[in-house]
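For reference, the structure is listed below as structure tokens.
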Amino acid sequence: MQMHLTKFAPKGARYTTEFKQLALMIYFLGPKVYKFLRKTLQLPSKSTLLRITRKWEINPGFNDFIFSAIQIRVNTLGTLAQD
């Protein structure tokens, strides 16, 4: 994916849905980690990620994706607390 993105200017890159989901998961793990990785890898900007989340349709009830994101975040915090 990164080799494909090197053909474009950073502001002209087009990302697949799967790549944007991966970027969101990395961002949810830790914004500082995402910022660090973004210096090396061509990742979507924070504003792009925020635009994606604004389009989410949130309905009452249980949402598996949200629970997955929360679980990843809690596991990460648990690992940090053990150190």
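Structure notes:
- Subset tally (residues that are more than 20 Å from I52 (Cα to Cα), assigned to a helix (DSSP H, G or I) and either modelled with pLDDT under 80 or among the small types (G, A, S) (or both)) for the stretch 62-83: 6
- The number of residues in the stretch 42-64 that are within 13 Å of the chain's Cα centre (by Cα) and not basic (K, R) comes to 10.
The values are calculated or read from the model by the stated rules, or taken from the named source; none is laboratory data. On a predicted model such as this, the values are computed, not experimentally measured, just so you know.
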